[in-house]
Amino acid sequence: MASYINYRISQIHLTSNIRQTIVAMLGVIFGISMYVFMTGFMTGVNNAQNDLAFSSLAHVRVYNDRPADNTNIVSKVFPSTVVNLRHPKIIKYTDGIKNSNVILDALKSQKDITGVTTQVNINVFFKNAGNKINGSVSGVDVVNENKVFNTSKYITEGNWNELKQRSDGIFVSVDLANNLSLKVSDNLNIFTSDGISKNYKVIGLFKTDVASIDKSKAYININAARQLIGANQSYVSDIQINIKDYNKTKNIINQITSIIPYKTESWQMANQQLAAGSSLRDIIAIAVSLVILLVAGFGIYNIMNMTINQKIREIAILKAMGFSGPDVTQIFLTQAIVIGIIGGFIGLGFGYLTANLVNKIPFELAGMSTLPMAYTLKDYILAFMFGLVTTFIAGYIPARKASKIDPVTILRG
Amino acid sequence: MQNKIILKADNIVKYFYQPDKFQVLKGVGFEVKRGEFVALVGKSGSGKSTLLYVLSTLDTDYEGDLTFNDTLLSNKKQNELAAFRNEHIGFVFQFHYLLPEFSALENVMIPALKLNKKSKEEIEASAFDNLKLLGLGDQALKKANKLSGGQQQRVAIARALINKPSIIMGDEPTGNLDSKNSQVVFDIFREISKERGQTIITVTHDDDFANNCDRIIEMMDGKIQNK
Ligand SMILES: Nc1ncnc2c1ncn2[C@@H]1O[C@H](COP(=O)(O)OP(=O)(O)OP(=O)(O)O)[C@@H](O)[C@H]1O
Ligand SMILES: [Mg+2]
């Protein structure tokens, strides 16, 4: 069906008015490069945001949720009864996860899990001389903590692994250390809600760039933490789990809730504003890019329409010589597709260059040094496909119109 | 063989509806034999061009029957008619319609490339022969829009001949030519109808031209004038 002469005519049309062709192509180039750049930038921002978030947040967290509100038991049995209870006393509930080893064994058999670490988190007061600051101490499994949260990346002073041997050692966040006027090898007193007080030696500092953490957090060895609150060797307060693709927390949660009798919570559930921000940025990027592509599509549509109006006599003569409607459609659609493909490839290159350039713009905030950027093959392919579909549609409508031209009306003059 | 009827029009009726309903062709009927050289004459506005568009299958909005070699054309689909025109009908229009950005040679080649029965080289060679026949051998590689009106008209004639169509239709093919070139065109038409048995139906206002044809069909007010 595809015939040499149709392609030859398309080629002549494209090359005889090269400026018009270039203008049409520029539309596609602009559309696709913007698409590539925008999605790259937004993905970059999302990644940076997630990196920041995942410095203290695992993909999935397992913990012992407090029991449901049982202050009014009577109304549960007799819903219509008016009850007046004063000063209800709640039975002390079990805290934390007691049989952590069993759960860790169960988690090991899950294949999507890339890292698991256990923590004993305690709310405390940090005291140095007269200063008293409210915060939290995280007793951590030193090696696994680093696997899940990449903690050693945030260490500004000291050696993270030293915490393994030092049951009296503590890593303190920079701002907290500042506020308490602490330096490495100074002593720090910790005071728990149960009234226990203990001294630790500052063996290092860290900085996550998340302000709330940098102002209030410290790490100690998990065994030291158990000692501090008098818990047994298998007690943990949180199990933190990382998986291969952090967007797929739903699957893993579905799998493990059945085998774990504790609350499992994904990062999306814990930080809904973070997940929402991510999605919104994605939507904005795609919306803006699609609008640009649409405009580029209109550009092609207009130019194709113009070409067809200019060449209306040629179309009539071609039809008189025996070219059919589908031949005419093919001639003009080929032009649109060629513009789409060439413009698409140049657009990808141009988008990549723009992304590269923007990626070099200094941006020193929250641990970044330049504006963030992601280069995702999938987005590049998608941009190209969208560009091609747009040009196809934008070219098909005028091409079809051209195929319907009645040669007699034109030739009669 | 020479007496075989190649084209037969039977009671062709056509109306124009713009601006008012108006009957252009009022029951036109005639037969053309294979190899015949027919001149279509008549006053301006008598419906010659309109009839020619109907005969050429470009215009399908008419009543009546059009038969080519015993095949009824009137009820064929657009795409079938396009293929039919490509193979069997050559066109020379009142105004020379070439593709301006193609060379003269390529313009002549287009219908043959479309027909796709010969190799590109063969087509190129015969297109060049056709141009030489019309005295345009030296203009073959010039772009069509760089040629003079008369040269363009001759390129259009060379193009009409390329597929060796059964019928060549012309709408004042010599209208833009001087007497010398008119004579060249006439001689070519004369020769191809006699030697190759191709049929020629052409509208003309040139009395000399008409008088030298095999037959004159005269139109008057949408009807054929019987002599
Ligand atoms: N598209 C049209 N709509 C309405 N009327 C038309 C149209 N085309 C032609 N006519 C009318 O039909 C009649 C025949 O026109 P046609 O072009 O066939 O004449 P012609 O014999 O070829 O004339 P000429 O020798 O000037 O070329 C004329 O009266 C013309 O005004
Ligand atoms: Mg006319």
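Read-outs: derived from the displayed coordinates by stated rules, not from any lab. For clarity, every value in this text was computed on a predicted model and none was experimentally measured. With ideal geometry, Cβ positions are generated from the backbone for all residues, glycine too; neighbour counts draw on all protein chains shown.
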Where a Cα-Cα gap under 18 Å defines reach, which lysines qualify for A:Lys76, not counting those fewer than 8 residues away within the same chain? A:Lys89
Show me the trypsin sites (Lys or Arg not before Pro) within the stretch A:271-350 that DSSP assigns to loop and that have at most 12 other Cβ atoms within 10 Å of their Cβ. none
Pairing the Cα long axis of helix A:325-358 with the longest principal axis of chain A, what angle in degrees results, from 0 to 90 and rounded to the nearest 10? 40 degrees
Would you please give the FRET efficiency between B:Asp129 and B:Glu87, computed as 1/(1 + (r/R0)^6) with r the Cβ-Cβ distance and R0 = 22 Å, to the nearest 0.05? 0.65
At 7 Å along the Cα-to-beta-carbon direction for both A:Ile259 and A:Leu290, put a label point, then send me their distance in nm to one decimal. 4.0 nm
Alpha-carbon centroid distance for the pair the stretch B:41-80 / the stretch B:109-168, whole angstrom: 25 Å
Would you mind telling me which residue in B:Leu98, B:Leu131, B:Leu141 has the biggest mean-square fluctuation in a Gaussian network model of chain B, where springs connect alpha carbons within a distance under 10 angstrom? B:Leu141
Of all chymotrypsin sites (Phe, Trp or Tyr not before Pro) in the stretch B:72-181, which ones are in loop regions per DSSP and have a Cβ with at most 11 other Cβ atoms within 10 Å? none
Span from the the stretch B:83-104 Cα centroid across to the the stretch A:119-166 one, whole angstrom: 86 Å
Here the percent of antiparallel bridges among DSSP beta bridges lying wholly in the protein assembly as shown, to the nearest 5, is 70 percent
Counting only C-alpha contacts under 8 Å and six or more residues apart, can you give the relative contact order of the stretch A:177-280 as a whole percent? 13 percent
Identify which of A:Ser278, A:Ser56, A:Ser75 has the largest mean-square fluctuation in a Gaussian network model of chain A, with springs joining Cα atoms closer than 10 Å. A:Ser75
Which whole-Hz ³J(HN,Hα) couplings does the stretch B:153-169 yield from phi under the Karplus relation 6.51 cos²θ - 1.76 cosθ + 1.60, θ = phi - 60°, glycine and proline marked x? 4, 6, 4, 4, 5, 4, 5, 5, 8, 4, 8, 6, x, 5, 10, 10, 10
Given a cut-off of under 8 Å on Cα pairs at least six residues apart, what relative contact order in percent is computed for the stretch A:134-223? 45 percent
Amide hydrogen neighbours beyond the local backbone of B:Leu7, cut-off 5 Å, H modeled: B:Val32, B:Asn69
Loop trypsin sites (Lys or Arg not before Pro), the stretch B:55-102, which have at most 12 other Cβ atoms in a 10 Å radius of their Cβ (DSSP): B:Lys77
Once you charge only the Cβ atoms, +1 for Lys and Arg and -1 for Asp and Glu, what is the size of the charge dipole of chain B about its Cα centre, to the nearest 20 debye? 260 debye
Label the stretch B:68-227 by shape, choosing from rounded, prolate and oblate, from the square roots a ≥ b ≥ c of the eigenvalues of the Cα gyration tensor; if a/c is under 1.5 it is rounded, and otherwise prolate applies when a/b is larger than b/c, oblate when it is not. oblate
Please compute the net charge surrounding A:Asn251, taking Lys and Arg as +1 and Asp and Glu as -1 over other residues with Cβ under 12 Å from its Cβ. +2
Please list, ordered by chain and number, the residues whose modelled amide H lies under 5 Å from the amide H of B:Val203; skip anything fewer than 5 residues away on the same chain. B:Leu40, B:Gly170, B:Asp171, B:Glu172
Mind checking the angle between helix B:104-115 and chain B's longest principal axis? C-alpha axes, 0 to 90 degrees, to the nearest 10. 60 degrees
Suppose R0 equals 22 Å. What FRET efficiency, 1/(1 + (r/R0)^6) with r the Cβ-Cβ distance, do A:Ile381 and A:Asn302 give to the nearest 0.05? 0.20
Would you work out which of B:Gly47, B:Val108, B:Thr71 lies farthest towards the positive end of the dipole of the stretch B:5-226? Charges go on Cβ: Lys and Arg +1, Asp and Glu -1. B:Val108
Too long for a 29 Å Cα-Cα cut-off, among A:Lys401/B:Lys142; B:Lys4/B:Lys117; A:Lys217/A:Lys244; B:Lys14/B:Lys143; B:Lys4/B:Lys132; A:Lys132/A:Lys207, are A:Lys401/B:Lys142; B:Lys14/B:Lys143; B:Lys4/B:Lys132
DSSP-defined beta bridges in chain B - what % are antiparallel, rounded to 5: 55 percent
Counting only residues 5 or more places away or on other chains, whose amide H sits under 5 Å from the amide H of A:Gly139 once H atoms are built in the peptide plane? A:Val120, A:Asn121, A:Ile122, A:Ile220
Mind checking the angle between helix A:18-53 and chain A's longest principal axis? C-alpha axes, 0 to 90 degrees, to the nearest 10. 10 degrees
Using the Karplus equation 6.51 cos²θ - 1.76 cosθ + 1.60 (θ = phi - 60°), what ³J(HN,Hα) coupling, rounded to whole Hz, does each residue of the stretch A:157-173 give in order, writing x for Gly and Pro? 9, x, 10, 3, 5, 4, 4, 4, 8, 8, 6, 9, x, 9, 9, 10, 5
Which whole-number percentage describes the relative contact order of chain A, with Cα contacts under 8 Å and a sequence gap of 6 or more? 29 percent
Rounded to 5, percent antiparallel among DSSP beta bridges of the stretch A:159-288: 60 percent
Using only DSSP helix segments of four residues or longer, with each worth -39500 (n - 2.57), what per-residue ellipticity at 222 nm results for the protein assembly as shown after dividing by its residue count and rounding to 500? -15000 deg cm²/dmol
Honestly the protein assembly as shown on the Cα gyration tensor test (a ≥ b ≥ c root eigenvalues; a/c under 1.5 rounded, otherwise a/b vs b/c for prolate or oblate) is just prolate
Could you name the aspartates and glutamates whose alpha carbon sits less than 13 Å from that of A:Lys319, not counting residues in the same chain fewer than 8 places away? A:Asp327, A:Asp406, B:Asp59, B:Glu80, B:Glu87
